[in-house]
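To keep things clear, I will list the structure first and then write my remarks on it.
The values are calculated or read from the model by the stated rules, or taken from the named source; none is laboratory data. In this text the structure is predicted, and so the values were computed from the model without any measurement. Cβ placement follows ideal geometry from the backbone for every residue including glycine, while neighbour counts extend to all protein chains displayed.
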Amino acid sequence: MSNIFSLISDKEKQSTSSATETQEYFVNMGPQHPSTHGVLRLLLTLDGEIIRKVEPHIGYIHRSIEKMCEKDSYQQIVHLTDRMDYLSCHINNEAVCLAVEKGLQLEVPDRVKYIRTIISELTRLSSHQLWWGVMGMDLGAITTFLYGFRDREQIIDIFEETCGARLTMNYNVPGGVMFDIHPNFQKRTKDFLKYFKEKLPEYDELLTGNVIFTERTKDIGYLSKEDAISYGVTGPSGRASGFSCDVRKKDPYSAYDRVDFKEIIRTDCDSYGRYKVRIAEMYESLHIIEQLIDNIPEGDFKAKTKAVIKLPPGEYYQRVETARGELGVYIISDNKKSPYRVKFRSPGFSNLFALDTMAKGYKIADLVAMMSTLDLVIPDIDR
Amino acid sequence: MNNDELKNMILKVVPEAEFSEEGSEFLNVTVTPEHLHKLAEDLKSNKDTLLDYMFCLTGVDWVSHFMVVYHLESTVHSHRMVLKVKIPDRVNPAVDTVSDIWRTAEYHEREVYDLFGIKFNNHPDLRRILLEEDWEGYPLRKDYKDEVNIVEL
Amino acid sequence: MNFSIYDFTEFIRSIHFWLTGIFSPALADVIGLAIIGVCFLLFVTLLGLSLVYIERKVAAFFQQRLGPMRVGFWGTAQTVADIIKLIFKEPLVTKNSDKFLFNLAAFIVLIAPFMVIGAVPFAKGLHALDFDIGLFYITAVSSIGVTGILLAGWSSNNKYSLIGAMRSGAQIVSYELSVVLSLLTIVVLTGSLRLSEIIASQSDGWWIFKGNIPAIIAFIIFIVASTAESNRGPFDLAEAESELTAGFHTEYSGIRFAFFFLAEYVNFFIIAAVGATVFFGGWMPLHIGNIEFFNNAMDVIPPVIWFFGKVAALLFLIMWFKWTFPRLRIDQLLTLEWKYLLPISIVNILLMSLVALNGWHL
């Protein structure tokens, strides 16, 4: 009798335990998912809606750019970099050009430095505008997306007038820029500065001050300074964790040593901090362009280079600050017309893998907010 | 810490280390695989060096040997240096992982493994990262042949 | 037949007499019901089509763009074209899904708003159902829709759908409480659940104006809670396209998807209709006390226009915050209900009882 009784109670125990214990399960977020912004696949281990583990799977649009570089001339490499982080294409081009110029020990004219800096900052602005729109959309406020695009259009029009392309510009060449700026460039840029200075506070009004928005981002996705450094999280995402990683300050290139601007560092370490850093950076970019736009020196738009560039044997490393963080170009030359080895240290690659540490214990909805504050561009990660 | 001080400090840990500053803006230190982990740990934890930020990790195929290149920077002292490991074994290239020292190395090492076939001992999760699991060969090696996709000029 | 745009009672009665004159009483009732059914079917379809168009235009207005402009004049035929496309699309069913429940869910979701819309008073006498528990009926039946959503999520064999459905279940069950309590706050004043009596009690002014402060609090709670109940932004967690792709209707395509879409918009309309009826006097024109001259002037505008005008205003309000606010997170959503809205509604209903007892309302 007691035996049967114990059997039943055992069974009951089993059934109650299976009813109260939860089971972890997997969800594939991506490769086709609206908030991964491209073909990124995240393998989520979930307990209910709570994230236990994030495992990013990348490589869906790996185009072996590094291998292609080993067959291309230095002028051709520049064009491949547009296809990495397409939102800061000009800055990517600049990185390669600067590395090649470093190898050739070529001093580019001042005019080139000014033009490059202005267009870099415009690129950063346009990238942040797009990010701001997409960030709102990820959190469910679709209107911000169109506001961001409305303002980005103005910058893209300026680019189109000057270099004929709207997205993948290829405006830089080793030694300078491909052709001189359009006569309207200065006027239109100044018009844009005036226009966007009025519009930027609107961004704050629409999203930053919103209660739902702050609730969704504050204290979400905590990334400590130690983790940020260890994971190599750079750019606005790293600076929101208190990691002073702005290459423009640390290792000034082009005309950044001639302008006055602040490196935005916050110690929030959360999604809200990353958001605020980018918004503050937009003001800084406007400030940088303002200082340069009236003072573009006269002169050549291109230093003289040979038709076939051969870098002296050696290793050249050039770091630049793209809209997403530190882009490193590592060129090893063996005195041939194409490099022996090229490595692109892309900011997105390092930033992405901090996601696991950031997301543990938060909810799926928070993961979306974290991903948009990391500002991932998938071609940048896959290369 | 300037380059000479760094040199002396490294020589204390690894007397066999080779140095060069030629053709590079950084101090280059070349060590053998067995010394790597010890030196890396020391560079990260030593109060005078504190090279806590690894901004680049990559591999190079020098045909005669492989090389893994670590670009390091200190966020406190803001000095930089390049650590290189020379791996003479082309058949079974292997080196200790540094992913326990710099977290970002875990994924950069996976990329090096994927494209060069260099194994990292004690790596927590050594799998291909960019290519498919069943990809044959290691594309960034100089002897890699792909007659369909690569046109030899 | 004496047709009047101000009072449909006579008109409906004459149709009824005409039917009973031709057929036997039982058959006349059946035919009458059939006519009502067809009317509602047409009405719901047109409503869905026009609401989708209006929503797209309103969204475009907020987003500084034009919205649909190509099909028909100012894009008016766009939604018709969309429906035609959806009808001709292949209805896909996922592998290993529960096919019976999968198909059933789409219908259940649509049945609920159909049943509710019968109880909505469009104008004086233009009313399919008018019981003494009208308001109770509306709140009870409108929650049948959640069964369809849960079934859809469960039967799709998709984790995103399941998460979406579970979210939606938790959300609707919670917010139902606040919706009912906020409506009850007004019922304290009217003393009746019959919709026609609630409207009649507002002949000297709408409850939002007459009901003192508790009525305004109740209205705000009603708008927030009912938006949440209908899964609309900023509470659209069940769909949350940036997190769950499309939530519970991820796997639905073609005409079944159209059902979900239609149900969503009809629910949207019902919320506005109930809100307009209880707080803004339904089809009752704006009357202020006993000022004869003003009241007579307002009476010139037909009740149907008053009703749809108020509904449109509420719809615009709800669309406005859908297109402005970001989305909440599921735990924040439930916190908002259980920790804020529900206690406030309970205190509010007490306040309203005090107001009613002491006659502080107008």
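Before moving on, here are some points about what is shown:
- Number of positions in region C:324-344 that are within 14 Å of chain A (Cβ to nearest Cβ) and hydrophobic (A, V, I, L, M, F, W, C): 6
- Screening A:Ala99 on (1) farther than 19 Å from A:Arg341 by Cα; (2) surrounded by 24 or more Cβ atoms within 10 Å (Cβ to Cβ); (3) within 14 Å of chain B (Cβ to nearest Cβ) shows it passes everything except condition (1).
- Test for C:Phe235: is it surrounded by 22 or more Cβ atoms within 10 Å (Cβ to Cβ) and part of a helix (DSSP H, G or I): no
- Checked against (1) part of a helix (DSSP H, G or I); (2) touching a His at 6+ places or on another chain (Cβ under 7 Å), A:Met169 meets all criteria but (1).
- Residue in region A:111-132 that is away from chain C (no Cβ under 14 Å), touching a helix residue (DSSP H, G or I) at 6+ places or on another chain (Cβ under 8 Å) and at positive phi present: no
- Conditions (1) more than 30 Å from A:Ser64 (Cα to Cα); (2) of a type in the set (Gly, Ala, Ser); (3) free of Cβ contacts under 8 Å to residues at least 40 places away in the same chain; (4) part of a helix (DSSP H, G or I): number failed by A:Ser230: (1)
- Identity of the residue in region C:236-279, farther than 22 Å from C:Leu101 by Cα and aromatic (Phe, Trp, Tyr), that ends up farthest from the other protein chains (Cβ to nearest Cβ): C:Phe279
- Criterion: closer than 30 Å to B:Leu57 by Cα, more than 11 Å from every other protein chain (Cβ to nearest Cβ), without any contact (Cβ under 8 Å) to a residue 40 or more places away in the chain and buried (at least 20 other Cβ atoms within 10 Å of the Cβ) - qualifying residue of A:Ser241, A:Ser237: A:Ser241
- Within region A:298-380, helices (runs of 4 or more DSSP H) holding 3 or more residues that are away from chain B (no Cβ under 14 Å): A:364-374
- Residue match in region B:8-15 (condition: buried (at least 19 other Cβ atoms within 10 Å of the Cβ) and either over 30 Å from A:Ser224 (Cα atoms) or of a type outside the set (Val, Ile, Thr) (or both)): no
- Filtered by the rule that a residue be in a helix (DSSP H, G or I) and within 14 Å of chain B (Cβ to nearest Cβ), region A:208-227 gives A:Lys225, A:Glu226, A:Asp227.
- When A:Leu206 is tested against (1) touching a Ser or Thr at 6+ places or on another chain (Cβ under 8 Å); (2) surrounded by fewer than 17 Cβ atoms within 10 Å (Cβ to Cβ), exactly one condition is not met: (2).
- Per the conditions (1) surrounded by fewer than 17 Cβ atoms within 10 Å (Cβ to Cβ); (2) over 16 Å from the mean Cα position of the chain (by Cα), the sole criterion not satisfied by C:Phe43 is (2).
- Only residues that are surrounded by fewer than 18 Cβ atoms within 10 Å (Cβ to Cβ), small (Gly, Ala, Ser) and within 14 Å of chain B (Cβ to nearest Cβ) were counted in region A:27-81, giving 1.
- Looking across region C:306-323, just one residue is farther than 26 Å from C:Leu177 by Cβ and within 14 Å of chain A (Cβ to nearest Cβ), and that is C:Trp323.
- Selection of region A:103-151 for residues being of a type in the set (Lys, Arg) and more than 16 Å from the chain's Cα centre (by Cα) yields A:Arg111, A:Lys113, A:Arg116, A:Arg150.
- When the test is whether a residue is in contact with a Leu (Cβ under 7 Å, 6 or more places away or on another chain), within 14 Å of chain A (Cβ to nearest Cβ) and in a helix (DSSP H, G or I), C:Ala105 does not pass it.
- Among the residues of this structure, C:Ser182 does not count as one that is in contact with a Gly (Cβ under 8 Å, 6 or more places away or on another chain) and either assigned to a helix (DSSP H, G or I) or at pLDDT 85 or above (or both).
- Consider region A:150-186 and keep the residues that are of a type in the set (Phe, Trp, Tyr) and surrounded by 19 or more Cβ atoms within 10 Å (Cβ to Cβ). The one that is nearest to A:Met282 (Cα to Cα) is A:Phe159.
- Per-region count, region C:19-78, residues within 14 Å of chain A (Cβ to nearest Cβ) and touching a residue at least 60 places away in the same chain (Cβ under 8 Å): 5
- Condition met for A:Arg116 (of a type in the set (Lys, Arg), touching a residue at least 24 places away in the same chain (Cβ under 8 Å) and assigned to a helix (DSSP H, G or I)): yes
- Yes/no for A:Lys197 being in contact (Cβ under 8 Å) with a residue 60 or more places away in the chain and in a helix (DSSP H, G or I): yes
- Here B:Asp4 meets the list (1) out of contact with any Leu (no Cβ under 8 Å at 6 or more places or on another chain); (2) part of a strand (DSSP E or B) almost entirely, failing just condition (2).
- Checking each residue in region C:205-232 for being in a loop (DSSP other than H, G, I, E, B) and either more than 12 Å from chain A (Cβ to nearest Cβ) or not charged (D, E, K, R) (or both) picks out C:Gly205, C:Trp206, C:Gly211, C:Ser230, C:Asn231.
- Single unsatisfied condition, A:Asp180 versus (1) assigned to a loop (DSSP other than H, G, I, E, B); (2) of a type outside the set (Phe, Trp, Tyr); (3) within 14 Å of chain B (Cβ to nearest Cβ): (3)
- Complete set of residues in region A:259-278 that are closer than 19 Å to A:Ala359 by Cα and either in contact with a helix residue (DSSP H, G or I) (Cβ under 8 Å, 6 or more places away or on another chain) or surrounded by fewer than 22 Cβ atoms within 10 Å (Cβ to Cβ) (or both): A:Thr267, A:Asp268, A:Cys269, A:Asp270, A:Ser271, A:Tyr272, A:Arg274, A:Tyr275
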